[in-house]
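Contents: one structure, followed by commentary.
Coordinate-derived values only; no laboratory data. Being a predicted model, the structure only gives us computed values, none of them experimental. In this analysis, Cβ positions are derived from the backbone assuming ideal geometry, glycine residues included, and neighbour counts consider all displayed protein chains.
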Amino acid sequence: MRTQTGMWLLSAAVMLGLSGLAGCGGDKGGEYRAFNKDKDKAPDAEHGQVHSHEQGPHKGELIELGEEEFHVEVVFDEDAEKISLYLLGPDAKAAVAIEAKELSLEIPGKDAPVTHALAAAPLEGEAEGKSSRFETKSPDLFEAFHHDSKTVGKFKVTLGGKEFSGQVKHDHDHGHEEKK
């Protein structure tokens, strides 16, 4: 009897272990890298994904670019229906001003992707012709993020001579109530 119980427990433990492995070995696709618990805030941080509800200095959500090389903070201003992107350094606090008049944010459209321009809006004290903040007050773009919580905007930016890409998503349940 004791041997049967031991075998049953061993079999149950093996099956439980194997079922756990089955969930972890799926298709990793082209946007996968190993999670580094000492460095990462989110397992997909390298690919311009949003950190887990981590807020930046302007109370927006942070997007990591590269291996903590730079960050982008996304701020949705509900009252003004404005979207702002702030370029930040590795510490996710210091502004990184670049020479660009605008950044483009591309979202899916009915028939083809739609590109929206986010104009440079330099912060006080930034050098002439440089900006770390880019924004748009586009009711259509703002509504696209509010109409469908699965809307993802894609952008590219060159920082430190290297091109990065990121994705903007809007969490309707984070920090405000959805507009009706």
I need the phi-derived Karplus couplings for the range 66-76: 6.51 cos²θ - 1.76 cosθ + 1.60, θ = phi - 60°, integer Hz, Gly and Pro marked x.
x, 8, 6, 6, 8, 9, 10, 9, 9, 10, 9
Simple spin-label model, 7 Å along Cα-to-Cβ: residue 140 to residue 68 in nm?
4.1
What are the semi-axes of the equivalent ellipsoid of the range 47-168, taken as the square roots of 5 times the eigenvalues of the Cα gyration tensor, listed largest first and rounded to whole Å?
21, 16, 14
Return P(r) of the range 74-113 (all Cα-Cα pairs; 5 Å bins starting at 0; whole %; ordered from short to long distances).
6, 15, 18, 20, 23, 12, 4, 2
Cross-link pairs 110/162; 93/137; 59/110; 110/150 - those with Cα-Cα distance over 22 Å
110/162; 93/137; 59/110
